[in-house]
Amino acid sequence: MGIKLGIVGYGGMANWHHKNSVRVPGMEVVGAFDIDPEAQANAKKNGIIAFDSREALLKDPNINLVLVATPNDVHCEIAVAAIKAGKNVISEKPVAMNIRQVDEMIETSLKEKVLFTVHQNRRWDKDYLTMRNVVEKGLIGTPYTIESRVHGTGGLMHGWRGYAKHGGGMLLDWGVHMLDQILFMYPTGLKTVFAQLRNIKNPQDPTIDDYAKVVLTFESGLSATMEVATFTMRQMPRWFVCGDVGAVVIEDFGAERGGITRMLSLKETFEKEIQETAAGPTRTMAPLPEETKEDLALPDVPAEWSELYKNVGAAIDGKAELIVKPVEVRRVFRVMEAAMLSSAKDISVAFDEKG
Ligand code: NAD
């Protein structure tokens, strides 16, 4: 049948969805509604209907999917109105402002028997798919530490993102993607959440986090750290993952730079004498002989963002299971709330997977 999209909030991200809709066979953007006249004029200029009101958009029988692409503080209200109007809904991330709103959105969609999902598009990012591919092929053995970083240099956050009342801050903005990626890979067994949310460069709202670090610890012993910083004048790699056989580094989003190093045979004996190494006098940290390890290039893993919309279209038609499931979105949100509590109280927060 194909997706016939109606967009509420026709700003930066909505324009990206519109422009990229040509990559999804059968997808058509019918129209949009925005409270800003300039955005309405832009919708008309881009050849779609600029509806006079949200209600008018929700009444259009041609629309079978509503995209909510407004600032985060109004996602819930708009999504619930769309669901109650009988529309399938895809909300931009982060899905809402708090878990009460997330539950309201999910429960309403179940009651109205419509599809509800979230635009967690970074599940299809090349760097993430490459890291998963390396881990799932067992190239580095069983991971014991995962580090996921996004480092920017600007410091300031764009527009409403710089204010807590609009649902700004880096945990909700980028952290939601980075946590979703890790939690999607490890769907059970999260034990504790520890976080530091800091304001380094944004005096316009001292409560807003422009730096967020979250450490997840799993029952298996695996720890996963995500760090998003808006102000880092030098950057660390996008991914660093160590397993019990090897390690992978992915430097960039395109997974063009980086590599894998694997151990071929375990070193069984130490030199008798202490070694003079680049790290100073040590035997434990002395480099492995070249013949005991190998370097591999990163695999070239295809990554196509439009897979998300193709899946949503197939799920609407009852032909596929939804990939970004409400239950997963809810788990990520619970982890973000645990991170907020951890940071406010400077404690490690126990996570109950059944909550
Ligand atoms: P933006 O400020 O560029 O656009 C938001 C638009 O919503 C504006 O045009 C504004 O006038 C409109 N708006 C505000 N309140 C409204 C209301 N009640 N009804 C109708 N329109 C309303 O913001 P953006 O950067 O496009 O972000 C929008 C959403 O997209 C956010 O939730 C953001 O987190 C998300 N986003 C997602 C990604 C991603 O990769 N998935 C990237 C960027 C932004």
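The values are calculated or read from the model by the stated rules, or taken from the named source; none is laboratory data. None of these values were measured; they are calculated from a predicted model. So basically every Cβ, Gly included, is an ideal-geometry build from the backbone, and we count neighbours across all protein chains shown. With ligands, DNA and RNA removed, areas are computed over all heavy atoms of the protein, side chains included. Shrake-Rupley method; radii C 1.70, N 1.55, O 1.52, S 1.80 Å.
Details
- Using the Karplus relation 6.51 cos²θ - 1.76 cosθ + 1.60 with θ = phi - 60°, the per-residue 3J(HN,Hα) values for the stretch 89-95 come to 9, 10, 9, 5, 8, x, 3 Hz, with x marking Gly and Pro.
- GNM result for the chain, Cα springs below 10 Å: residue of GLU290, GLU337, GLU92 fluctuating most strongly: GLU290
- Across LEU110, LEU266, LEU67, mean-square fluctuation computed from a Gaussian network of the chain (C-alpha pairs under 10 Å connected) peaks at LEU266.
- With protein chains left intact and a 1.4 Å probe, residues in the chain average 48 Å² of accessible area per residue.
- Whether the stretch 218-355 is rounded, prolate or oblate, judged on the alpha carbon gyration tensor where a/c under 1.5 counts as rounded: prolate
- Three-way shape label, the stretch 4-83, alpha-carbon gyration tensor, a/c 1.5: rounded
- Against the main long axis of the alpha-carbon atoms of the chain, helix 99-112 sits at an angle near 50°.
- Calculated mean residue ellipticity at 222 nm for the chain: -8500 deg cm²/dmol, from DSSP H runs with n ≥ 4 weighted as -39500 (n - 2.57), summed, divided by the residue count and rounded to 500.
- Relative protection proxy for 32-45, 207-220, from highest mean packing down: 207-220, 32-45 (other beta-carbon atoms within 10 angstrom).
- Over all orientations, the chain has a Cα convex hull whose mean projected area works out to 20.5 square nanometres.
- Accessible carbon and sulfur surface of the chain relative to its total accessible area, %, 1.4 Å: 54 percent
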